[in-house]
1. Quick check, is S218 more than 27 Å from W69 (Cα to Cα) and not charged (D, E, K, R)?
2. Taking the residues in the stretch 128-183 that are in contact with a strand residue (DSSP E or B) (Cβ under 6 Å, 6 or more places away or on another chain) and of a type in the set (S, T, N, Q) as candidates, determine which candidate is farthest from the ligand (Cβ to nearest atom).
3. Which residue out of S320, S347, S304 is within 16 Å of the ligand (Cβ to nearest atom) and either surrounded by fewer than 19 Cβ atoms within 10 Å (Cβ to Cβ) or assigned by TED's automatic domain parsing to the domain that holds T189 (or both)?
4. Pick from T128, T144, T138: which is assigned by TED's automatic domain parsing to the domain that holds A176, buried (at least 20 other Cβ atoms within 10 Å of the Cβ) and more than 21 Å from the chain's Cα centre (by Cα)?
5. Looking at the stretch 237-247 only, could you name the residues that are within 7 Å of the ligand (Cβ to nearest atom) and either crowded, with 21+ Cβ neighbours inside 10 Å or in contact (Cβ under 8 Å) with a residue 24 or more places away in the chain (or both)?
6. With respect to F434, is the statement that it is touching a residue at least 60 places away in the same chain (Cβ under 8 Å), in the same structural domain as D338 (by TED's automatic domain parsing) and crowded, with 21+ Cβ neighbours inside 10 Å true?
7. Going by the conditions given, is D383 farther than 18 Å from I269 by Cβ and away from the ligand (no atom under 16 Å from the Cβ)?
8. Restrict the check to the stretch 103-111 and report whether at least one residue is of a type in the set (A, V, I, L, M, F, W, C) and closer than 23 Å to M1 by Cα.
Amino acid sequence: MASDPRNVEIKYTKLFIDNEFVDAVSKKTFSVLNPSTEKVIVEVAEGDKADVDKAVAAAKAAIARGSEWRTMDASRRGLLINKLADLLENNLDEISAIETLENGKTFEFSKIITSLSVNVLRYFAGFTDKIHGSTIPTDGPLLTMTRKEPVGVVGQIIPWNYAIMMATWKWGPALAAGCTIVLKPAEQTPLGALYLAALAKEAGFPKGVINVVPGFGSTAGSALSWHPDVRKIAFTGSTQVGHFIMESAAKSNLKKVSLELGGKSPLVIFDDFNVDEAVEIAADAIFSNHGQNCCAGSRTFVQSKIYNEFVTKAAAKANSIKVGDPFCPESQQGPQVDKATLDKILSLIESGKKQGANVAAGGNRVGDVGYYVQPTVFSNVTDNMIIAKEEIFGPVQSILKFDTLEEVIERANSTEYGLAAGVLTKNIDTAMVFAQAVEAGSVWINCYDEAIGPHTPFGGYKQSGIGRDLGEESIKEYLETKTISIKLPVKN
Ligand code: TXE
């Protein structure tokens, strides 16, 4: 890699179909921008329906009866996934530099996230030969067993906030189950996924098992979710697009659907918890990855007795966060991913000001080049304000006041989202009552955002999603269960 990671060479800019990098059928390209400089990094081939058709055909051939992939020993599939993990690890700095270049997260954070992605692949590599059915004591002289089979070709559509990690979250369980893949990365961040595709080829995956088609949601993404030969679609992104995906699955071929969508997750802080520690946990919960986290703790509920002290300290904490060039080691927050995201965040900040919330810190854009936003803290936020209801997906902390456990459970749950929640208290009863009552797929007690690793299922209640990523549960999303019964001459 170049000695300055900013100058990392971009080697892969075409669609990856059938183990080859190819131009789009239309020959069209689109620009990938650096959110820190607003300059074009590179032009990338723009996939559309014709390219999705080609990629799905390749993926279908790769899983046809008698194909190398379908007849491969499960243990060998595991070796291939492990090889991919090794290659990712060996190229960690380079791929992390690409993530920072196209996404804007700090280089230090990119490296942490890429190494977590290595762990994800290793976890699923270990699963390939441990996926088994059972024998069932049916009535009559029968031997009945279940067999787990891959669902077939899967379409995967991912967002830009963790470009590499989202690809590994989706590829790991799909490959462990024996499926073949067409991935559409987000239009803002196709480069990391293309790099990963090149590593998959180097690892030795047979052609057609993994295909990557960069392009836009309404064209390439939509073509994938409507495709009649795609048997399952896995999506991470906005709740709005989640609705489109469900609709296309319903109206095309009833493909299976798993969705990991947005959130407005509550972090509830009781007055028996150390305020300084709570401020740190709450800041990490909202400001990590510039607030571009589906499970961001974006509603900070603080009990009345410590409310004022918490707000003062939370503002000081936000003011201390260093915003700047994501490749600079001192930077703790880089730019937001693109202009549309910046504009959305700034307009939501304006709505907070207009609706009477108090700006305790930040509240503005930083500079006029690059999509930088000041870490922002709002106090005196009430449940009816837009900033307390809509997913901002930016570095904006909204602090709400509460008095009782019952009240805060009710308010925490009064949202259509249900991805995550946190509670900080020294009282085990309070913690457990909250954890059991809150409608969320992940709940953290006395921490936030911890243990999102390969082992733990991750997903949402209500309109935050359907199905689970990660953990053993995620593999089930990619499997069919076949029941086979054999008539025997005698029961024994
Ligand atoms: O998401 P989109 P965007 C939330 C967050 C953010 C907002 C908008 O609040 O501010 O969504 O972000 C593809 N058919 N989250 O616009 O549009 C698209 O190309 C098929 C939360 O980036 O949902 C990209 O690959 N695919 C979230 C992916 O969907 C379509 C992470 C996500 O884009 C499509 C990202 C269509 N019609 C945003 N339209 C999380 N859960 O972490 C778009 N896409």
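The values are calculated or read from the model by the stated rules, or taken from the named source; none is laboratory data. This one's a predicted model, so the numbers in the text were calculated from it and none came from an experiment. Quick reminder, even Gly has a Cβ in these numbers, built from the backbone with ideal geometry, and neighbours come from all protein chains shown.
1. Numbers: more than 27 Å from W69 (Cα to Cα): yes; not charged (D, E, K, R): yes.
Judged against the criteria, S218 is a match.
2. Restricting to residues being in contact with a strand residue (DSSP E or B) (Cβ under 6 Å, 6 or more places away or on another chain) and of a type in the set (S, T, N, Q), the top hit is T138.
3. Working: S320 fails: within 16 Å of the ligand (Cβ to nearest atom); S304 fails: within 16 Å of the ligand (Cβ to nearest atom).
None of the other options fit; the residue is S347.
4. Working: T144 fails: buried (at least 20 other Cβ atoms within 10 Å of the Cβ); T138 fails: buried (at least 20 other Cβ atoms within 10 Å of the Cβ).
Sole residue among the options that is assigned by TED's automatic domain parsing to the domain that holds A176, buried (at least 20 other Cβ atoms within 10 Å of the Cβ) and more than 21 Å from the chain's Cα centre (by Cα): T128.
5. Going residue by residue through the stretch 237-247, those that are within 7 Å of the ligand (Cβ to nearest atom) are 237-238, 240-241, 244-245.
Matches in the stretch 237-247: G237, S238, V241, I245.
6. Against the criterion (touching a residue at least 60 places away in the same chain (Cβ under 8 Å), in the same structural domain as D338 (by TED's automatic domain parsing) and crowded, with 21+ Cβ neighbours inside 10 Å), F434 qualifies.
7. Details: farther than 18 Å from I269 by Cβ: no; away from the ligand (no atom under 16 Å from the Cβ): yes.
So D383 does not fit the description; no.
8. Taking the stretch 103-111 as the starting set, the residues that turn out to be of a type in the set (A, V, I, L, M, F, W, C) are 107, 109.
From what is left, the residues that are closer than 23 Å to M1 by Cα are 107, 109.
Yes, because at least one residue in the stretch 103-111 is of a type in the set (A, V, I, L, M, F, W, C) and closer than 23 Å to M1 by Cα.
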